[in-house]
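Worksheet: the structure to be examined is printed underneath.
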Amino acid sequence: MTVHRTRLHTRTRPRHRFARPGTAGPSRQRAGLRSRLLARLASEQGDVPGWVLITLMTAGIVVALWAVASDQIVQIFENAMAPFLGGSL
């Protein structure tokens, strides 16, 4: 998982413990932060092309292995399942 720095992760103004006169109070600041965070999360679309690429590459590897070693794969599977099926495969 890759984490990228955005405006959400960086501070542009100092953090004050007490609100100064004429500024928003702590509850109002939290409401603003919450609304910005919810807007950021709602705009997240995910990494669909990456997952599609991983899925296609995995399917390609399986097809390539099956084409090269299908007889051996079938033999391995039959040998592994024979004890459970009483040797009748």
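The values are calculated or read from the model by the stated rules, or taken from the named source; none is laboratory data. From a predicted model like this one, the values you see are computed outputs, not experimental measurements.
Some points to look at:
- Taken together, the criteria exclude residue 85 from residues that are of a type outside the set (Asp, Glu) and assigned to a helix (DSSP H, G or I).
- Region 18-53, subset among the small types (Gly, Ala, Ser) and in a helix (DSSP H, G or I), residue modelled with the lowest pLDDT: 43
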